[in-house]
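The structure appears right after this line, and notes come after that.
The values are calculated or read from the model by the stated rules, or taken from the named source; none is laboratory data. All values reported here derive from a predicted model rather than from experimental measurement. Please note: Cβ atoms are built from the backbone with ideal geometry, for glycine as well, and neighbour counts cover all protein chains shown.
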Amino acid sequence: MLPYAQRLKQNSRELRSHMTDAEQKLWYRLRRKQINGWQFYRQKPLGPYIVDFYCPSAGLVVELDGGQHLEPQHHAADQQRDAYLVWGCVCCVLITGRCCWRWMRWLM
């Protein structure tokens with residue numbers, strides 16, 4: 001597992017208690033090892049980032065993002081995060097909140 005900045009721990013706890021509706025819906029499908037017995041963590045600090053969902057055994061991060069991430073400044077930050085995760089041998093999958101709501105039954 002990638003090391004993380006200790007200062008992010010409290011932020012990740014707060015994010016877990018204030019999840020969006022789409023994050024809650026996806027978490028309902030990821031939690032309790034429902035997918036092939038894989039353990040997912042939500043709002044997990046990895047390095048200097050907090051990722052939405054992380055499965056260490058699969059080396060997978062799932063980011064559930066809204067439309068603001070299509071804006072240039074957010075897109076650049078997402079690319080920087082993805083480059084860090086790839087450096088740490090972690091694959092990052094981006095799912096938009098809208099896609100989560102529309103296609104949940106096909107995502108899982």
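Details
- Qualifying residues in region 46-98 (those that are surrounded by 17 or more Cβ atoms within 10 Å (Cβ to Cβ) and small (Gly, Ala, Ser)) - the one nearest to Glu14 (Cα to Cα): Gly47
- Cβ-Cβ under 8 Å pairs, at least 6 apart or on other chains, region 58-86 side at positive phi and among the small types (Gly, Ala, Ser), far side surrounded by 11 or more Cβ atoms within 10 Å (Cβ to Cβ) and at pLDDT 85 or above: Gly59/Val90; Gly59/Cys91
- Selection over region 1-43 of residues that are outside any loop (DSSP other than H, G, I, E, B), touching a helix residue (DSSP H, G or I) at 6+ places or on another chain (Cβ under 8 Å) and among the aliphatic types (A, V, I, L, M) gives a count of 2.
- Qualifying residue in region 33-40 (condition: out of contact with any Lys or Arg (no Cβ under 6 Å at 6 or more places or on another chain), under 22 Å from Ala5 (Cα atoms) and modelled with pLDDT of 95 or more): yes
- Sub-9 Å Cβ pairs linking a first residue in region 18-34 that is at negative phi and of a type in the set (S, T, N, Q) to a second residue that is modelled with pLDDT under 90 and surrounded by 15 or more Cβ atoms within 10 Å (Cβ to Cβ), at least 6 apart or interchain, are Thr20/Leu64; Thr20/Gly97, ordered by first then second residue.
- Candidate set from region 5-37 (those that are surrounded by fewer than 17 Cβ atoms within 10 Å (Cβ to Cβ) and closer than 19 Å to Gly88 by Cα); member that is nearest to the chain's Cα centre (by Cα): Ala5
- Flag for Ile50 being in a loop (DSSP other than H, G, I, E, B) and among the β-branched types (Val, Ile, Thr): no
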